[in-house]
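Following: one structure in structure tokens, then a few remarks.
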Amino acid sequence: MIEFLSSSSFFALALALVVYAFADVLQKKFKTPLLNPLVVSSAVIILLLVVLDIPNERFQAGCQVLSYLLTPATICLAISFYEKFQALKHYLPAVIAGVLAGVVCSLGSVYILCKVCHVDHTVMLSLMPKSVTTAIGMALSAELGGITAISTVAIVITGNIGNMAGPTLCKLLHIDDEISRGVAFGTASHVIGTSKAIELSQLTGAVSSLSLTLAGIVTCLLMSFLAQYM
Amino acid sequence: MKFLRQMCIIVLFSFLGEVCRAVIPFPIPASIYGMVLMLAALALKIVKVEQVKDAGTFLVSFFPILFIAPTVNLIACWDDIKNDLLVLVVIIVVTTVLTFGVSGLVAQWIGRGKGDKNHD
């Protein structure tokens, strides 16, 4: 039985999709970012693989077909970016300045704290892209020689912090206008933060979505330049 | 047929991204080159939004499930991080709060400066 599951062509893919569908229903029911479907489904799958003694390599091979979609799907982020860009042209200087400052701050603070805490170099490289959206962060982590698994988990945690602490941080730091709030959510906590920004106001959500793509591009450019010095 | 044509354009840009990745000696993912090229094509009206939107929305809806296998792969590197777990979480929390504050405040500062000029 276990042998059959390990060698089946569709078991891994079916498992991933079914468990994710359940996790998605669970989040819609309880409406808390803590039950992030990606985290819940990954945890359940890890548990099942360990309990059923199915090798991780077999699961990875079964899901390989999905990784094929990553590049085309990421390219499609350009479509909504272009539409938002047209609508938000007026706010561009503030958005660009905020995103640039945020990206420099994110990369700089991760680098400094990792050096201070003697974090392993490969783990540090995996944490660097943690504020950008998973598709870009994961690809960038792979380019830099990081561990993509650590990056995806760090990215999801980061998104949830922005989602949950964002509204409080806005009040504490007196980030009052809709544009600046959107820049903060998008730059610091990508798509997961953007889902909270949309709740605050439509404009904040749109700016957040614009900022997250811009932050992804800026992070890649900056890291490609900095990588040679690390 | 419409869907097929849209997929053609998107896959073509994926391929162009790969070509850039192979030719340009920077550690930038092929998907970023493809995205920037797509953005340029949209801005220059070489590609219209309607020509890629349906297939694009469909592909983007796939995103979360594309990340399941990479996250499950945490099994493979668990030994590398289990001793540093608390430190890593603290680093993630501190840097995220910093990034949130800095990006928001800088955007607000620049936005206000511009607003003042408009008053003059």
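Can you find a residue in the range B:51-68 that is more than 7 Å from every other protein chain (Cβ to nearest Cβ), open to solvent by 40 Å² or more (accessible area, probe 1.4 Å) and more than 30 Å from residue A:18 (Cα to Cα)? Yes, that holds for at least one residue. Annotation note: of B:38, B:7, the sole residue that is touching a residue at least 24 places away in the same chain (Cβ under 8 Å), buried (at least 16 other Cβ atoms within 10 Å of the Cβ) and either within 14 Å of the chain's Cα centre (by Cα) or on the phi > 0 side of the Ramachandran plot (or both) is B:38. Note on the range A:19-48: residues that are facing chain B (nearest Cβ under 7 Å) and either at pLDDT 90 or above or under 30 Å from residue B:12 (Cβ atoms) (or both) total 6. Note on the range A:161-215: residues that are part of a loop (DSSP other than H, G, I, E, B) and under 14 Å from residue B:108 (Cα atoms) amount to 5.
Within the range B:24-34, does at least one residue satisfy the condition of being open to solvent by 80 Å² or more (accessible area, probe 1.4 Å) and in a loop (DSSP other than H, G, I, E, B)? Yes - at least one qualifying residue is present in the range B:24-34.
I need a count of the residues in the range A:54-71 that are surrounded by fewer than 17 Cβ atoms within 10 Å (Cβ to Cβ) and touching a residue at least 24 places away in the same chain (Cβ under 8 Å).
Summing the residues that are surrounded by fewer than 17 Cβ atoms within 10 Å (Cβ to Cβ) and touching a residue at least 24 places away in the same chain (Cβ under 8 Å) in the range A:54-71 gives 4.
Which of the residues that make up the range A:173-211 are β-branched (Val, Ile, Thr) and more than 12 Å from every other protein chain (Cβ to nearest Cβ)?
Correct list: A:194, A:198.
One residue alone among A:151, A:67 is facing chain B (nearest Cβ under 9 Å) and within 23 Å of residue B:101 (Cα to Cα), and that residue is A:151.
For residue A:143, state whether it is in contact with a helix residue (DSSP H, G or I) (Cβ under 7 Å, 6 or more places away or on another chain) and surrounded by fewer than 24 Cβ atoms within 10 Å (Cβ to Cβ). So residue A:143 fails the test. Scan the range A:45-53 and tell me whether some residue there is buried (at least 18 other Cβ atoms within 10 Å of the Cβ) and either assigned by TED's automatic domain parsing to the domain that holds residue A:163 or within 23 Å of residue A:134 (Cα to Cα) (or both). Yes, that holds for at least one residue.
Counting the residues of the range A:85-122 that are under 20 Å from the mean Cα position of the chain (by Cα) and at pLDDT below 95 gives 1.
The values are calculated or read from the model by the stated rules, or taken from the named source; none is laboratory data. All of these numbers come straight from a predicted model, not from anything done at the bench. Cβ: placed from backbone, ideal geometry, glycine included. Neighbour counts: every protein chain shown. Please note that ligands, DNA and RNA were not included when accessible areas were found on the heavy atoms of the full protein model with its side chains. Shrake-Rupley method; radii C 1.70, N 1.55, O 1.52, S 1.80 Å.
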